[in-house]
Structure formats: C-alpha cells, structure tokens
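Worksheet for the structure shown next.
Just so it is clear, none of the values below were taken in a lab; they were calculated from the coordinates. Keep in mind it's a predicted model, so treat the numbers as computed, not measured. Here Cβ is always computed from backbone atoms with ideal geometry, including for glycine, and neighbour counts include all displayed protein chains.
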Amino acid sequence: MRFTILLLICALMTGCSRHEPDQRIVLGFSQVGAESAWRQANTESIKSAAATSNIKLLFSDAEQNQENQIAAIRDFIRQRVDVIAFSPVVATGWDEVLTEARAAGIPVILTDRAVTSDPALYAGFLGSDFVEEGRKAARWLVTQFDDSMAAVHIVELRGTPGSAPATDRKRGFEEILAQHPRFHIVRSESGDFSREGGKAAMDSILKSGERPIHALYAHNDDMALGAIESLERAGLKPGVDVRIISIDAVRAAFEAMIAGKLNATVECNPLLGPQLMTSVTEVVAGRPIAKRIVVDEEAVFTADTARQLIQTRKY
Ligand code: GZL
C-alpha cells in the first residue's frame, strides 16, 4: 500500500513512469545503403553488435545518397543521441554537418570509409586500408601473365565515384602497375559497387569493341559478378579468356571461384560491429579512441583454395 502511494507521489511530482528511463547508450548510425553483399554483412554486424552490447541503435539506410546521410545525421543531432557513427558514401562534403555535431557536443565515429574533413571533427575512423587492397590486387595480377605477353590489357570497374574505396583502390593498383610497364588499364568505368552496375559497365565496354581484354580488376565482388554475366553473354569465358580479380571476398565470390569464373579476391572485412561498439562505449565514457583504427590484416584468396575455405567464411 505504502509503495503504491510512494509511486503515485513520485509520478505526480516528477512524472516518472513505473519503468526506469532507458539507461542504454543511444547510437545514431547512417549506413551507405544496401548496394552489395559486403554492405549487407556490414549492416548485420553493426545491428547484432549493438544488440549484444545493449546499445540502442537508431539505424538509417541512405540508399547511396549523401543528402540522405546528412539529413539522418541532423536528425540524430535533434534527437540528442549519445554518439553518431556513419559510413560516408563519398569522401567530401561533410564539414558543415560534422561541425554541427561538434557544436551539439555529440562525438562522431567514422566506419568503413574515410572523409577529407579535418580529423578534429570526428573522434576516430575504423576501416580497412583500401590503398593496400589495390596494391594486393595488382601484385597478384602481374603474376598471372608470363613475359611472353608484350602487353596485358586490363579493364577496371571502379566503385562509387568520389568514395574513399574507389579512389584508394585505384591509387594502390596503379602504384604497383607503374612498376610493370607491360600492364595497361585500357578502359576504366564506374559500376557504383553494384552487380547491375558492373554488368552494365562491362556490356558497354564489350559493345564498344574494346579488344583484346586480358584481365578485369573490379573494385568489389558484386561488380565482378555482374561483369562475369556480361562476359558470358558475349561468348567469352570469364576466369579463362579474361583473368579476374576483385575485392571484398564475400561468399558469392568464393562460389564464382569454385565455378572457375573468378580467379582471386582480396578480403575487405565488413564485420566492424564489435570494434565499433567498443569505440562507442569508450567515447561515451569520456575515454579517447585512436584517430585511425585499421581493420586487421586481410588476405588474398585464389580459386585453388576456394573450395576448402568457403566453409570457413563468416560472410
Ligand atoms: C569497403 C566498402 C565497399 C565495399 C563494397 O569498405 O566501403 O562498399 O568494397 C561496398 O562492396 O559497396
């Protein structure tokens, strides 16, 4: 009886409810979109890690549109979340909204992709080294053609224009290629990191009559898988007539390697959720995090080991 009266007094005085207010950390996360298998795995990792860490996640899918991401970040600021994290679809155009988050006293953590803004505007960046991924792709490709070939013609399918992975994977690839003058990128088109985009870009290149094509370098597996469909429709044997390397190492890439249609893929780990939640918890506790957290070492997987390794893959 006395408890009920106490509760009633409390409710009248402070409007407090029967339930304690939600004490969980609130994280606002703006995701690029759902453009690739890598992205789906990344989203799943973030959602499951938030649940495991008992962090309340406000999740927004920007459908690969920067305006949508900026609007989502502003909404998180209005909702006074504890931390904002996002994977920026492109590298530029974030100064204003990052300044607004800082003025609101809300720390920001970047995941997956970098921005060109002043690092003082965000607490830290957790992601892979895309330049090294590009170097790894080129180091593998130059081993695939012996000295008897005077010139090796490469087609490149780039990711989203202006995105850090597209810019840096190209930079790393070309840095190594510069040491091998027989190797030339004869065409470079954007496939926007999607399977449909990769197919359309390869269709256009094949229709233009660009020949010979000895190799394909795709900035992600989804574009490579789309290009494989296009090559087959044109009567070419992907993986045989055209040596193909891509990046991400998603399950579908292992299946394509087992089928002999893809020759190699460079791993880019999407399972960033646990590391992100650790960083969120540290930031909320007022402890600094490293400005740059590089996702651990990533491997190059080739067709000859794809069959035995596919069962070990987590995404
Ligand atoms: C890389 C990530 C890229 C993937 C693509 O960290 O930003 O975006 O390589 C995805 O599959 O679309």
Where a label projected 7 Å from the Cα of Glu196 along Cα→Cβ would reach, residues of segment 39-71 with amide N under 14 Å: 63-64
Residue by residue through segment 189-203, what is 3J(HN,Hα) from phi via Karplus (6.51 cos²θ - 1.76 cosθ + 1.60, θ = phi - 60°)? Round to whole Hz and write x for glycine and proline. 10, 8, x, 6, 6, 10, 5, 4, x, x, 5, 4, 5, 5, 4
Pairs of Cα atoms under 8 Å, at least six residues apart: use those to get the relative contact order of segment 186-245, whole percent. 38
What residues qualify as long-range amide H neighbours of Ser190, i.e. H under 5 Å apart, gap of 5 or more or another chain, H built at 1.01 Å from N? Arg158
Among DSSP bridges having both ends in segment 208-314, what percentage is antiparallel? Round to the nearest 5. 25
Karplus ³J(HN,Hα) for segment 166-172 (6.51 cos²θ - 1.76 cosθ + 1.60, θ = phi - 60°; Hz, whole; x = Gly/Pro) runs 5, 4, 7, 5, 5, 4, x
Prolate/oblate/rounded call for the chain, Cα gyration tensor, a/c under 1.5 rounded: prolate
Would you kindly state how much longer the chain becomes between Ser204 and Glu255 on full extension, computed as 0.36 nm times their sequence separation minus their alpha carbon distance, in nm to one decimal? 15.8 nm
Kindly express, to the nearest 10 degrees and within the range 0 to 90, the angle between helix 2-14's C-alpha long axis and the longest C-alpha principal axis of the chain. 70
Just the number, please: percent antiparallel of the DSSP beta bridges in the chain, rounded to the nearest 5. 5
Of the candidates Pro107, Ala253, Pro21, the farthest towards the positive dipole end of the chain (Lys/Arg Cβ +1, Asp/Glu Cβ -1, centred on the Cα centre) is Pro21
Would you mind calculating the relative contact order of the chain from Cα pairs under 8 angstrom and at least 6 residues apart, reporting the percent as a whole number? 18
What angle do you read, to the nearest 10 degrees and between 0 and 90, between the alpha-carbon axis of helix 130-141 and the longest principal axis of the chain? 20
Can you tell me which aspartates and glutamates have their Cα less than 20 Å from the Cα of Lys261? Leave out same-chain residues fewer than eight positions away. Glu156, Glu196, Asp203, Asp221, Asp222, Glu229, Glu232, Asp241, Asp248, Asp304
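Using a ≥ b ≥ c from the Cα gyration tensor of segment 19-122 (square roots of the eigenvalues), is it rounded, prolate or oblate, where a/c under 1.5 gives rounded and otherwise the larger of a/b and b/c decides, a/b for prolate?
oblate
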Whichever aspartates and glutamates have a C-alpha closer than 18 Å to that of Lys47, once near sequence neighbours (fewer than 8 apart) are set aside: Glu35, Asp61, Glu63, Asp82, Asp112
Once amide H atoms are placed 1.01 Å from N in the peptide plane, what residues at a sequence separation of 5 or more from Leu216, or on another chain, have their amide H within under 5 Å of its amide H? Val155, Arg243, Ile244, Ile245
Segment 155-196 versus segment 214-270: alpha-carbon centroid distance in Å: 14
Which lysines does Lys136 reach when only Cα atoms under 16 Å apart count, and residues fewer than 8 places away in its own chain are ignored? Lys170
Would you calculate the separation in nanometres between label points at Asp296 and Glu174, each defined as 7 Å from the Cα along the Cα-to-beta-carbon direction? 3.4
Listed residue (Cys268, Gly209, Ala234) projecting farthest to the positive dipole end of the chain, Cβ model: Cys268
What distance in nm separates the simple spin-label points at Met149 and Arg24, each placed 7 Å from Cα in the Cβ direction? 5.2
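How high is the FRET efficiency between Val284 and Arg74 when r is their beta carbon distance and R₀ equals 22 Å, given to the nearest 0.05? Walk me through the intermediate numbers first.
Numbers: r = 21 Å, r/R0 = 0.94.
The calculated FRET efficiency here is 0.60.
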Could you check which residue among Glu267, Glu232, Glu196 shows the biggest mean-square fluctuation in a GNM of the chain with a 10 Å Cα cutoff? Glu232
For segment 135-207, what does the alpha-carbon gyration tensor say about shape, rounded, prolate or oblate, given a ≥ b ≥ c as the root eigenvalues, a/c under 1.5 as rounded, and a/b over b/c as prolate? oblate
Using only helices, what value at 222 nm comes out for the chain when you add -39,500 (n - 2.57) per DSSP H run of length 4 or more and divide by the total residues, to the nearest 500 deg cm²/dmol? -13000 deg cm²/dmol
